[in-house]
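Structure first, then comments.
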Amino acid sequence: MNKALLRDLKRIAQTLPARYQIGKGELSPTVFALLDAALTANELIKITVHESVWETMQTQLDALTQSLQAMLVQKIGHKLILYRENPAIRKYDSR
């Protein structure tokens, strides 16, 4: 991912609502499936991580991005922004 695309994704993500939440159940197979489907459909998603699991999530972040084959665009507070290019829809220009 080049710097121009990263900058554009951060700008676009500011207006995205956080439609997905990781809570007390943490990272179950159902959550992985939901996030995988969301990345396939949208390429860029914003996730809210509940405060009670934030510390655990910090350590599992690499595993999450690797298993979803996604890139962490930004981490702000308890929000994560993930991106995975989908050649079928290509919403965002990878330049």
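Every read-out reported here was derived from the displayed coordinates using simple, explicitly stated rules and does not represent laboratory data. Small disclaimer: the values here were computed from a predicted structure and weren't measured. Note: ideal-geometry Cβ built from the backbone for every residue, glycine included; neighbour counts use all protein chains shown.
General remarks:
- Counted residue by residue at 0.36 nm each, then reduced by the alpha carbon distance between them, the extension gain from Q14 to T56 reaches 12.6 nm.
- Listed by chain and number, the lysines placed with their C-alpha closer than 17 angstrom to that of K24 are K79; residues fewer than eight positions away on the same chain are left out.
- Neighbour-count order for K3, K91, K46, fewest beta carbons within 10 angstrom listed first: K3, K91, K46
- Taking 0.36 nm per residue of sequence separation and removing the Cα-Cα distance, the R7/L27 pair yields an extension gain of 4.4 nm.
- Counted charge near Q14, where neighbours are those whose Cβ lies closer than 12 Å (Asp, Glu -1; Lys, Arg +1): +4
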